Amino acid sequence: MELKGHMPYIARYLESDIKARLFAGKAIIVYGPRQCGKTTMLRHITEEWSNDVLWLNGDSPDTRDELERVTAARWKLILGKKKILVLDEAQRVPNVGLALKLLIDEIPGIQVIASGSSSFELADKTSEPLTGRKFEYRLLPFSFHELVEHDGLLKEKQTLEQRLLYGAYPDIVTHPEDSERLLSELVNSYLFKDIYALEGLKKTRLLDNLVKALAMQIGSEVNLNELAGLTGSDRKTVENYIDLLEKNYVVFSLPAFSGNMRNEIKKGRKIYFYDLGVRNAVMGNFCRVDSRTDKGGMWENYLILERLKNTLNQPFQPQRFFWRTAAPLSKEIDYLEKKSDTLKAWEIKMNPTTNAKIPLSFRNAYPNAETEILTPENYDTFLLPD
């Protein structure tokens, strides 16, 4: 679909599921980082009811003041004859869960849709009040699958370098010629806004330094004590800040997998970014991929991230891991998925001519595991839904 005077609309895979759940008597909650396309998607979903939709934004002081102590009678005045309420950045509204519960309970037939860029704050405020009264979804920047559906497989594969350098935030995808300026604005104005706004968070320089340190280490196991030393902090503070970064969709982590072998690493974890453009902007490095020493880590981050996007909203997601054995004969596999009794393992290589193999020790320990080597020549099937 192309709107007159606008860029072509790129459909999101969540749309059909959300649309099917409208007017089912429950709130719809959409989590995702700022600028990832939540509002654009919700406008597209609700466009056939456009005259019946009330849009409110939790970033507005007027909205926050109005909803903080709202009553059922006041809700009726606010809504008028509207049938759908969309509340953007809902996590910014104090007592938002109670306010929305009151609306759902007291005014039947109203569809409530709330979006938020901080899963920690919004989930915390809505979890108990809206128990049994909500459907939850997570939206990230465009996925490989969504872009293939829009532009075709060959064209999207031709933009691989663009995705590795600049990521897949909607503004970046639709305005590639302005990627660096847009990413700078995203990182400096939006991305950490909710984290900085948290009460009691005053060490913004520490957070900035931690994000840069994590950006340098994608594809490697993180050492909390080492990160504490690099940022002039302590292990507990670093752990808390990484948790905030995860809950605000800046980074995600993979734990170590251990099962049958005595010398498997059991407590390690790797940290990846939810968008490579953000990661490179934090580092201030947009050099060509073939000239970079970190291209292997970028490739690994890209594939694991895009795979995660495919399963993020499944009712029963696979468990995700990396695998490594202890020194001195350390062996490693980049990515594993475990679902029910099925174990799958992938070794990720940027260079297709590399003689990569799944370690014999892993194959002996887990003979029923499905294994594969991923390279730029065969990655597309890994990133498209089964």
**Request:** Spot the failing condition for Leu22; the list is (1) surrounded by 13 or more Cβ atoms within 10 Å (Cβ to Cβ); (2) out of contact with any helix residue (DSSP H, G or I) (no Cβ under 7 Å at 6 or more places or on another chain); (3) part of a helix (DSSP H, G or I), and only one is missed.
**Result:** (3)
**For Ile10: the one exception among (1) farther than 22 Å from Asp171 by Cβ; (2) among the β-branched types (Val, Ile, Thr); (3) in contact with a Pro (Cβ under 9 Å, 6 or more places away or on another chain)** = (1)
**Long-range neighbours under 6 Å by Cβ, at least six apart or interchain, first residue without any contact (Cβ under 8 Å) to a residue 60 or more places away in the chain within segment 276-294, second in a helix (DSSP H, G or I)** = none
**Item:** Residues located in segment 233-267, provided they are touching a Lys or Arg at 6+ places or on another chain (Cβ under 7 Å) and either surrounded by fewer than 19 Cβ atoms within 10 Å (Cβ to Cβ) or small (Gly, Ala, Ser) (or both)
**Value:** Ser253, Pro255, Ala256, Ser258
**Prompt:** Taking segment 103-142 as the search range and keeping residues that are modelled with pLDDT of 90 or more and assigned to a helix (DSSP H, G or I), which one is surrounded by the fewest Cβ atoms within 10 Å (Cβ to Cβ)?
**Reply:** Asp105
**Item:** Subset tally (residues that are in contact (Cβ under 8 Å) with a residue 40 or more places away in the chain, buried (at least 19 other Cβ atoms within 10 Å of the Cβ) and in a loop (DSSP other than H, G, I, E, B)) for segment 351-386
**Value:** 2
**Message:** Which count do you get for residues in segment 322-350 that are of a type in the set (Lys, Arg) and part of a strand (DSSP E or B)?
**Reply:** 4
**Prompt:** Which pairs have Cβ atoms under 8 Å, sit 6 or more apart or on different chains, and link a residue in segment 92-108 that is assigned by TED's automatic domain parsing to the domain that holds Ile28 and at positive phi to one that is surrounded by 21 or more Cβ atoms within 10 Å (Cβ to Cβ) and modelled with pLDDT of 90 or more?
**Reply:** Asn95/Leu67
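The values are calculated or read from the model by the stated rules, or taken from the named source; none is laboratory data. Keep in mind the model is a prediction, meaning the values are calculated, not measured. FYI the Cβ positions are ideal-geometry reconstructions off the backbone, even for glycines, and counts take in every protein chain you see.
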